[in-house]
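Visitor: Once you've had a glance at the structure underneath, I'll fire off some questions.
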Amino acid sequence: MRGLRGLAVAALAAALAACLARFFLLLGFPAGGFGPRAGASPLGAPALVLGLRLVRPATPSRAGRSSVLRVSSRLGLGFVPGLGFLARGLGSSFQSTGVVVPGAAGYSRKQITDLEDVAKTYGAKGLAWMKVTADGLDGGISKFFSTNAAEVQSTLEAKEGDLLLFVADSWKVACTALGAVRTRLGRDLELFDPKEFRFAWIVDFPLFDWNEDRQGWEASHHMFTMPQEQYLDTMESDPGAVKGDLYDLVCNGVELASGSIRIHDPAIQRRI
């Protein structure tokens, strides 16, 4: 009986491995390779499984700090970082990041306060806001931008009827807090199909983060991830630009799997 059980377990494990292999190949993971295929394209129409729509990723999404616009492929709401006009208007030393919510100018003050509570839960000190009306900017922090309303709307490509939301904080806090707000908006405004599962490969993660408390650089994930080869010569002189050899597989904003090349060179490990 033990022998039969062992065979049954082995057969089940082999079947599961085969299913997982087909699943990862479906999502653009190369057989015998590391990470998602560069420039992988969808393999035909989205797959239908048990009445659910599986949307395969076309190309890997970059996670680097240099991205100008971070768009949720599921919700369609993009982040606009580095808003100089906001820092000047509010006298803030923090970099500012914003998101334009099309057609949401009808949000009440209570609804906006609820969004601010979400942002605060994820580390933001607050959530600034304005609405775009036929007469220009209105509500929230709009009084600080009465003389440059046109610049604000042009920079954000905002239109009448849009709601503008901002977080002024570090890059990491701003993106995390606005990401949570964006998810809440997606649910409240029904911006996504609950039967659709949209996958994405995330690559080019920063290898180091700046620690404000210690005033020094530290590993973003852990200290055993291999730097990408093109950054080996400049790792000490420009640590903020270094990207790691790692990836995440995400579905509807939830991390499903991840992987990386571990450092296998003692000399590089000592430098990290």
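Every number here is computed from the coordinates shown, using simple stated rules; none is lab data. Note that the structure is predicted; figures quoted are calculated from it, not measured. Glycine gets a Cβ as well: all are built from the backbone with ideal geometry, and neighbour counts include every protein chain shown.
Visitor: Quick query: amide H of GLY244 versus all other amide H atoms, modeled in the peptide plane; which residues come in under 5 Å with a sequence gap of 5 or more or a different chain?
Guide: PHE205, LEU207, GLN228
Visitor: How far apart, in nanometres, would the label points at ASN211 and GLU151 be if each is projected 7 angstrom from Cα along the Cα-to-Cβ direction?
Guide: Inter-label distance under the simple model: 3.8 nm.
Visitor: Same structure, new question: Any chance you could run the full-extension gain for LEU189 through ALA257? It's 0.36 nm times the residue separation minus the Cα-Cα distance, nm to one decimal. Working shown, then result.
Guide: Values: separation 68, 0.36 × 68 = 24.48 nm, distance 2.86 nm.
Here the segment from LEU189 to ALA257 would lengthen by 21.6 nm.
Visitor: Given a cut-off of 25 Å, name the pairs among LYS120/LYS159; LYS120/LYS172; LYS120/LYS195; LYS110/LYS159 whose C-alpha atoms lie farther apart than that in the structure shown.
Guide: Details: LYS120/LYS159 27 Å; LYS120/LYS172 14 Å; LYS120/LYS195 30 Å; LYS110/LYS159 23 Å.
Too far apart for the 25 Å limit: LYS120/LYS159; LYS120/LYS195.
Visitor: Report ³J(HN,Hα) in whole Hz for each residue of the range 245-262, in order, from the Karplus equation J = 6.51 cos²θ - 1.76 cosθ + 1.60 where θ = phi - 60°; Gly and Pro get x.
Guide: So the Karplus estimates, Gly and Pro as x, are 8, 8, 8, 10, 10, 10, 10, 6, x, 10, 5, 9, 7, 8, x, 7, 8, 7 Hz.
Visitor: May I ask you to evaluate 6.51 cos²θ - 1.76 cosθ + 1.60, the Karplus curve with θ = phi - 60°, for each residue of the range 209-223 and list the ³J(HN,Hα) values in order in whole Hz, giving x for glycine and proline?
Guide: My calculation for the range 209-223 gives 10, 7, 9, 5, 5, 8, 6, x, 7, 9, 5, 5, 10, 8, 7 Hz in order.
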